[in-house]
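**Q** Pasting a structure here, questions to come.
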Amino acid sequence: MTKPIIELKKADLTLGDGASSVHVLKGIDLTVGSGESVGIVGPSGSGKSTLLMVLAGLEKIDSGEIHIAGNPIHSMSEDEVADFRGRNVGIVFQSFHLIPNMTALENVAVPLELAGRSDAFAIAREELAAVGLAERLTHYPGELSGGEQQRVAIARALAPSPAMLIADEPTGNLDTETGQQIADLLFAQREERGMTLLLVTHDNKLADRCERQIRVRSGEILREDDLSGQEAEVA
């Protein structure tokens with residue numbers, strides 16, 4: 001494995017209080033190498049999406065440690081985590097989370113502007129061209145297909161040149177053909193940029209494209225499958 005970009009040590013998280021509390025992550029240990037592609041799979045409610053949110057700093061663990069590129073985000077304040085995430089972690093969701101009254105260009109540029117980038121719109125144009133939307137800059141989300149909206153979301157995630165891209169069911173709202181195109185785009189961008197890619201999916205074919213699979217159930221990692229140069233183990 002290359003130099004680790006992600007190191008989780010005994011990461012534990014319970015959501016809710018009292019009788020409604022759920023022990024979502026149970027002392028998880030995980031290491032991911034820089035530039036690696038990892039598929040995270042498991043049944044609904046297993047904790048795999050929560051694991052991604054923890055890695056993105058969107059959920060704070062109750063105990064344990066999380067180091068991203070050597071930075072201890074478990075001990076950072078909310079503002080510090082938000083700043084770190086904005087510079088180092090790109091996130092793509094199943095739902096596109098675009099701002100409906102902003103154009104594709106504005107949706108990609110605004111987060112960069114908020115981060116103080118004076119070249120925000122120039123970067124946004126480049127990123128939209130990189131995902132095949134050079135001719136759709138002035139279109140609003142409602143004027144774009146689902147696949148095009150997801151491309152805008154990917155361009156937005158890639159715009160800060162993050163070291164790590166996190167994708168939670170990125171093809172889940174798309175038809176098979178469009179989902180294939182989005183998957184091709186994600187892996188092509190990961191290869192071109194040398195990013196780490198963490199991918200939660202129910203799609204076995206998509207997960208099999210990753211170099212490694214992590215299987216999660218009931219808040220624990222059951223097994224890790226190294227898919228480089230071998231067939232994936234059947235779950």
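**Q** Between V89, V22, V38, which is open to solvent by 10 Å² or more (accessible area, probe 1.4 Å), among the hydrophobic types (A, V, I, L, M, F, W, C) and within 16 Å of the chain's Cα centre (by Cα)? Break it down stepwise before answering.
**A** Details: V22 fails: within 16 Å of the chain's Cα centre (by Cα); V38 fails: open to solvent by 10 Å² or more (accessible area, probe 1.4 Å).
Matching residue, one of V89, V22, V38: V89.
**Q** Determine whether A104 is over 19 Å from the mean Cα position of the chain (by Cα), open to solvent by less than 60 Å² (accessible area, probe 1.4 Å), without any contact (Cβ under 8 Å) to a residue 60 or more places away in the chain and closer than 27 Å to V200 by Cα. Let's see the steps before the verdict.
**A** On the way: over 19 Å from the mean Cα position of the chain (by Cα): yes; open to solvent by less than 60 Å² (accessible area, probe 1.4 Å): yes; without any contact (Cβ under 8 Å) to a residue 60 or more places away in the chain: yes; closer than 27 Å to V200 by Cα: yes.
Spelling it out, A104 is indeed over 19 Å from the mean Cα position of the chain (by Cα), open to solvent by less than 60 Å² (accessible area, probe 1.4 Å), without any contact (Cβ under 8 Å) to a residue 60 or more places away in the chain and closer than 27 Å to V200 by Cα.
**Q** Also, quick follow-up: Conditions: (1) modelled with pLDDT of 95 or more; (2) touching a Leu at 6+ places or on another chain (Cβ under 6 Å). E65 meets all but one. Number of the miss?
**A** Just one mismatch for E65, condition (2).
**Q** Considering each residue of region 1-22, count those that are more than 14 Å from G64 (Cα to Cα) and either of a type in the set (A, V, I, L, M, F, W, C) or touching a residue at least 24 places away in the same chain (Cβ under 8 Å) (or both), and give that number.
**A** As a first pass, look at region 1-22 and keep what is more than 14 Å from G64 (Cα to Cα): 1-5, 15-22.
Remaining after also requiring either of a type in the set (A, V, I, L, M, F, W, C) or touching a residue at least 24 places away in the same chain (Cβ under 8 Å) (or both): 1-5, 15, 19, 22.
Residues flagged as more than 14 Å from G64 (Cα to Cα) and either of a type in the set (A, V, I, L, M, F, W, C) or touching a residue at least 24 places away in the same chain (Cβ under 8 Å) (or both) within region 1-22 amount to 8.
**Q** Since G147 meets every condition but one in (1) among the small types (G, A, S); (2) open to solvent by less than 40 Å² (accessible area, probe 1.4 Å); (3) more than 13 Å from L186 (Cα to Cα), which condition does it not meet?
**A** Condition not satisfied by G147: (3).
**Q** Here are A109, A115, A120: which of them is touching an Asp or Glu at 6+ places or on another chain (Cβ under 6 Å) and surrounded by 13 or more Cβ atoms within 10 Å (Cβ to Cβ)? It would help to see each step written out before you state the result.
**A** Working: A109 fails: touching an Asp or Glu at 6+ places or on another chain (Cβ under 6 Å); A115 fails: touching an Asp or Glu at 6+ places or on another chain (Cβ under 6 Å).
Within the list A109, A115, A120, the selection yields A120.
**Q** Also, I was wondering about something else. Would you mind stating whether Q94 is open to solvent by 50 Å² or more (accessible area, probe 1.4 Å), in contact with a strand residue (DSSP E or B) (Cβ under 9 Å, 6 or more places away or on another chain) and not aliphatic (A, V, I, L, M)?
**A** Yes: the conditions hold for Q94.
**Q** Mind listing whichever residues of region 42-60 are in contact with a helix residue (DSSP H, G or I) (Cβ under 8 Å, 6 or more places away or on another chain) and buried (at least 20 other Cβ atoms within 10 Å of the Cβ)?
**A** Selection gives G42, A56, G57.
**Q** In the set L198, L206, which member is at pLDDT 95 or above, open to solvent by less than 60 Å² (accessible area, probe 1.4 Å) and under 17 Å from the mean Cα position of the chain (by Cα)?
**A** Numbers: L206 fails: at pLDDT 95 or above.
Result of the check over L198, L206: L198.
**Q** Still on this model: The conditions are (1) open to solvent by 30 Å² or more (accessible area, probe 1.4 Å); (2) in a helix (DSSP H, G or I); (3) acidic (D, E), and E127 fails exactly one of them. Which is it?
**A** With respect to (1) open to solvent by 30 Å² or more (accessible area, probe 1.4 Å); (2) in a helix (DSSP H, G or I); (3) acidic (D, E), E127 is out only on (1).
**Q** Right, next: Can you pull out the residues in region 179-195 that are part of a helix (DSSP H, G or I) and either among the charged types (D, E, K, R) or open to solvent by less than 30 Å² (accessible area, probe 1.4 Å) (or both)? Break it down into steps so the answer makes sense when it comes.
**A** Taking region 179-195 and keeping what is part of a helix (DSSP H, G or I), we get 179-193.
Selection gives G179, I182, A183, D184, L185, L186, F187, Q189, R190, E191, E192, R193.
The values are calculated or read from the model by the stated rules, or taken from the named source; none is laboratory data. The shown structure was predicted, so the numbers you read here are calculated from the model rather than taken from an experiment. Neighbour counts run over all protein chains shown; Cβ positions are idealised from the backbone, glycine included. Side chains included, ligands, DNA and RNA excluded: accessible areas come from the protein's heavy atoms. Shrake-Rupley method; radii C 1.70, N 1.55, O 1.52, S 1.80 Å.
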